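These notes are about the structure you will find just below.
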């Protein structure tokens, strides 16, 4: 087993020198420091400096690890990877990792957007070295034969990034389940831009509802907030919202604050992943705080109203869509095996599996069942003889929401992605060091569920630690404090910890921010 | 003199009851608190609550003071006005006052946007009472005969606001001096949205310049920042920018940071309002920090380049336009006397002057000279006989950038606006209390110049206290600390003071924020 895992990696160390030379050796590379380190010199230095193109990474002969995406999985890998063993290129559409659990708080001004954004350069100061690169661009395709990734930046400039080892951690996207109008009219709640847009709409509607001549029904619509999806994000957003309304907006204008309605639409059950007692608690808590919980499925969203599957119509001023997630178009286009839900199929060592060619048919994304049947690793077989190895794409790994193990399918959770990123860093670091890695370093990925948490507003939260028979659940203020401390310790940098703690303190003193620009 | 000033005010107290009844008495007003104070009640309360239109202010019989705009002048008036004497309606396009001196710091991530935004509701907690209103809308016209202001909100809903006393504090707008392309391609630096847009472009260009395949000239363009205008805003922005480049961006990628160029274009002289020695110091300091100071006039701005009056072309990635200010379209449309520069003409008690009808001609905005000649108050004449009083529009005042005194024209500065707001609050408070007001309360507005300050980057600033012969000037680190303390004490609320001091501390510890979304 160990030998098999290791076997796949020895390929890239030998390929490195060839690829390294091909990729970087032939370019007219200007060393980054010729211009000196002060801004002043760029004027005295003259034309030679100003005419140089964007420098490619300095070649060092080390394998180039390319990480696509900077979410929970990718950021953890960046944090843990040994930068003395790998030259790292990160390609991401964001220059920060989004600390998703704090997004709901930024929607209502409890926290500043910067609290929920952990700059990638802040994760590892060593990334400044010229052999490492961070490209803010979108990866569009992977060519496993040429070992390159095609990328496009926001200006439309396309470029290729060569890799020796590739990690796909491009995440998922909010799924609309084919519901018309979601993309156009509803707000997702998945990144910082979403959160600031929600906050902006929320405060805009609050202000518009106050204008003289605004009719009753229109005022009513503006002050109606609909949350679609009763998962942790939807529940936390609804909870934070009631805090904002009852504590902050109520101080500004009690009458208007009283006119705000919040509706939470859930097709199946609130917090379905949580223990029954917690589901009950959360549901009661939200109802007691004035949130109307509606069981139903949204059929269509229009600019100012939406329709449920039972035909009911609902006018809204702000609609937040936080149902499930699905694969991105990038994931869908990748020439690798996929699970039934369209995620990249990986083995239990996070290695990406080859697309299966049905006999006599063109290559098609395979289902998770196909993958399980054909690619299950054979315990105990030697690496070079293991038939399953033929199905692994060499040197391509995937972590987080974008992938799912064929043998151990896991939900799209931050903690899954983070643990996978941590695991992969350990595996890659061990491989790069050479020598015989320890069994612990190269064992398959094992997920340890750390529990589920969700705040429900009013300084309370539900925590489900779900440890087998002795199932542990917590509710109320202690859970809330645990929720805060847990996320504070999880935050990717001290800067973010300080900012977040500072913002919580300031909000306690002065209330949430209601300014809007 | 005193009698004259007071005379103008007695009109509104008598008009109040009539207007108050007309404006609010006839409307079907629903008291704001019928729905109770908790969100939960809006669901239990039923349909009656949800159908009510936006309530008008509760009538109290007090005169209604309408304040248009929430800049330095308007915000100061809001802060100082006696809310037991006046029912206040504020109409502003923003729900906050912009603390303009901190805008340059928010452009480079030293401060969060919320530091520079002081929520209006935070200025006076009493504004929550139902007799006061804050409308986020644009005032479009004033009808002095009907005593109403026409307003439009962002959805296009138009409404009228009645007033007993009106204060115009709608400020100015960035002047393009007719230069083509400024509005489309350059960034003004006048509000929080401008600052966040500048920061976003700055970081976007920084990231785009790193993409492989970006050509030398294009990279050079992206990393070229042009600041047009060498006043305090332009100088401070250029200075903060060099701090950001040399301290923060340099840490991330020294080579790229060295390739950034900053050009400051000024037609006449840097910091022309400052003492000669300070101008020299600032100019040397900026040059030493790598900023290229170009003397010239921008003739045209296109998407990626601009042309100077000498024909020179300059490619840029970010262009910040901080030259002078001019009147807004609202000011221009007002049916009152104007100065030569198009500002609302006021007498030395901040009272708005009537438009002068030249004999046989239609009403036209008059020049400042006209105003000075015809409207100069006649010292010593009794109020009811004073001919100048006929030229004053009853119960309409103006403060700040939107107006200029005919007898004492003052520059468009924050401290002028703030002192005028403070003065007007004192006058209006004294008038509303009745009885014989003291001389000090009703004397004409006298401007006290508190000095001029500008940071020049690298922990230094210039301060010009300009006290007549014993002209006091300061430079360097002490000035910088003075700059910080002065603005910290000036900030409109404790919340903002804490936030700003906290942000300064955090930036010292962790550097500026480079995340972008």
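The values are calculated or read from the model by the stated rules, or taken from the named source; none is laboratory data. All values derive from a computational prediction rather than experimental measurement. Heads up, the Cβs are rebuilt from the backbone with ideal geometry, glycines too, and the neighbour counts pull from every protein chain shown.
For region A:455-463, state whether one or more residues are within 14 Å of another protein chain (Cβ to nearest Cβ), out of contact with any strand residue (DSSP E or B) (no Cβ under 7 Å at 6 or more places or on another chain), within 30 Å of residue A:206 (Cβ to Cβ) and part of a helix (DSSP H, G or I). No, region A:455-463 contains no residue that is within 14 Å of another protein chain (Cβ to nearest Cβ), out of contact with any strand residue (DSSP E or B) (no Cβ under 7 Å at 6 or more places or on another chain), within 30 Å of residue A:206 (Cβ to Cβ) and part of a helix (DSSP H, G or I). Residue check: residue A:409 meets all listed conditions (1) part of a loop (DSSP other than H, G, I, E, B); (2) farther than 30 Å from residue A:124 by Cβ; (3) modelled with pLDDT of 75 or more; (4) over 18 Å from the mean Cα position of the chain (by Cα) but one, namely (4). Residue A:225 passes every criterion in (1) more than 8 Å from every other protein chain (Cβ to nearest Cβ); (2) touching a helix residue (DSSP H, G or I) at 6+ places or on another chain (Cβ under 6 Å) apart from (2).
Are any of the residues in region A:175-187 touching a helix residue (DSSP H, G or I) at 6+ places or on another chain (Cβ under 7 Å) and more than 29 Å from residue A:68 (Cα to Cα)? Looking through region A:175-187, none of the residues is touching a helix residue (DSSP H, G or I) at 6+ places or on another chain (Cβ under 7 Å) and more than 29 Å from residue A:68 (Cα to Cα).
Could you run through region B:329-351 and say how many residues are in a loop (DSSP other than H, G, I, E, B) and in contact with a helix residue (DSSP H, G or I) (Cβ under 7 Å, 6 or more places away or on another chain)? Even if it seems obvious, please write down each step before you answer.
Of all residues in region B:329-351, those in a loop (DSSP other than H, G, I, E, B) come to B:334-335, B:337, B:339-343, B:347-350.
Imposing the further condition that a residue be in contact with a helix residue (DSSP H, G or I) (Cβ under 7 Å, 6 or more places away or on another chain) reduces the set to B:337, B:339-340, B:342-343, B:347, B:349-350.
Residues meeting the conditions: 8.
Considered as a group, the residues in region A:129-160 that are over 23 Å from the mean Cα position of the chain (by Cα), more than 8 Å from chain B (Cβ to nearest Cβ) and in a loop (DSSP other than H, G, I, E, B) include one that is surrounded by the most Cβ atoms within 10 Å (Cβ to Cβ), and that residue is A:147.
What helices (runs of 4 or more DSSP H) completely inside region B:210-294 contain at least 1 residues that are closer than 20 Å to residue B:111 by Cβ?
Numbers: elements: B:216-222, B:232-243, B:254-258, B:276-288.
Helices (runs of 4 or more DSSP H) meeting the threshold: B:232-243.
Residue A:96 meets the conditions (1) more than 9 Å from chain B (Cβ to nearest Cβ); (2) crowded, with 23+ Cβ neighbours inside 10 Å; (3) at pLDDT 90 or above in every case but one. The failed one is (1). The residues of region B:181-195 that are assigned to a helix (DSSP H, G or I) and within 13 Å of chain A (Cβ to nearest Cβ), listed by number, are B:192, B:193, B:194, B:195.
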